1. Any idea what angle helix 370-379 forms with the longest principal axis of the chain, computed on alpha-carbon atoms, 0 to 90 degrees, nearest 10?
2. Charges on Cβ only, +1 for Lys and Arg, -1 for Asp and Glu, centred on the Cα centroid of the chain; of LEU4, SER131, MET100, which one is farthest towards the dipole's positive end?
3. For the range 23-91, take the alpha-carbon Rg, divide it by the Kirkwood Rh, and send me Rg/Rh.
4. With a point put 7 Å past each Cα toward its Cβ, work out how far ASN24 is from LEU365 in nm, to one decimal.
5. How many times 2.2 N^0.38 Å is the alpha carbon radius of gyration of the range 113-162?
6. Taking the alpha carbon gyration tensor of the range 94-240, what are the square roots of 5 times its eigenvalues, largest first, to the nearest whole Å?
7. Starting at 0 and stepping by 5 Å, how many percent of the alpha carbon pairs of the range 159-251 end up in each bin?
8. For the range 203-250, what is the Kirkwood hydrodynamic radius in Å, using each pair of distinct C-alpha atoms?
Amino acid sequence: MRALTWHGKQNVQVDTVPDPQIVNPRDAIIRITATAICGSDLHLYDSMIPGMSNGDILGHEFMGIVEEVGPANTTLKPGDRVVVPFVIACGQCFFCDHKMPAACDNSNPAEKADASEIAYGYAMTGAFGYSHLTGGYAGGQAEYARVPYSDYGPIKIPDGIEDERVLFLSDIFPTGWMAAENAQIQPGDTVAIWGCGPVGLFAIKSAILMGAGRVIAIDHHPRRLELARQNGAEVLNYHEVQVREALREMTAGIGPDSCIDAVGMEAHGFSPDNIVDAIKQETKILGTDRPHVLRETIMAVRKGGTVSVPGVYGGVADKWPIGAFMEKGLTLKTGQTHVQNYLPQLLELILEGRIDTTDLISHRLPLEQAAEGYKNFKENQNEWTKVVLKPG
């Protein structure tokens, strides 16, 4: 089959690789009909996440048709149309039983789990196409994929609904929804969201559906800010204003009730702290992440407020304003997305027409042009807001 593979920093290419096979009784083989490039894929593209190997198959946002199932899978059958969550979870361990599938204890194979246990204290959950820290599973930017624990994760999609309307159930829609949920929004609250990429835009949509009175979106790309505005947000261009001062003025000196960091470890801009972070990040020793946005959310949110962090962080950083965090009495909520928890509810919102999941798509490419998609998604973020890839 054809698949997009990683070959080093900013070096990806479509190769011919072996077709996936059933390995475990609960597996399924999916013929992929649509897949997408995620903002967090750029962390791999930029070699910011350790644990990648030459030839690894990328991609964690995908859907398709079931071609084959293992003998223990009684949930799916060949011909079923499914969206696959990016996190791989068994559905039976302590964490899955407590509705935390993104903390599953069984999906990261024992021979792969040691690295993330050393880095984070406990082993990470398995994920598709996202380094050997998360199990080394082949991703979904390919013609076919093996889906472990497929009787627990994938959600069946009814006939008559286009792939693009449901594809983002695999990651960015549930991630934006959980980001808004973690912000603990009360009716009428003011929510500030940093980053108008795909996750930030879904956080905007979700916050409004959850009853936020005002959503203020922060970015510097004109097209992304316009998309945020079209989805009901007020916007701030951080190249044109001092963000914290603007938020204070917009909230009568109180500050937003909650702030969402939808940027993560590769914050942009020329603030002094971010310049220092970028230098440290290049060394891979003095620091690994650029957490300017996380610092700014902590300083900007009102006293007693909540900071929600869907943006990906991967290592260590300093100058974290722990004093402000403690003295202001803040709540911080973060984590990989418990996708499986949200799928039925979010699919229903799509089927009812209560949310547009397609307005952020800027480009549609055949899988064979995936390398071009990555390059432009990285270098032309104003115009390339979301890339959908079509295998075959």
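1. Value to nearest ten degrees: 10.
2. Checked the options; the winner is MET100.
3. Taking Rg over the Kirkwood Rh, I get 1.03.
4. Between ASN24 and LEU365, the label points sit 3.3 nm apart.
5. Cα-based Rg divided by the globular estimate yields 1.47.
6. Numbers: eigenvalues 204, 73, 54 Å².
So the equivalent ellipsoid measures 32, 19, 16 Å along its semi-axes.
7. Going from the shortest bin to the longest, the percentages are 3, 14, 24, 22, 20, 10, 4, 2, 1, 0.
8. Roughly 11.0 Å, rounded to one decimal.
The values are calculated or read from the model by the stated rules, or taken from the named source; none is laboratory data. On a predicted model such as this, the values are computed, not experimentally measured, just so you know. No Cβ is skipped: glycine too gets one built from the backbone with ideal geometry, and neighbour counts run over all protein chains shown. The area values use the complete protein model at the heavy-atom level, side chains included, leaving out ligands, DNA and RNA. Shrake-Rupley method; radii C 1.70, N 1.55, O 1.52, S 1.80 Å.
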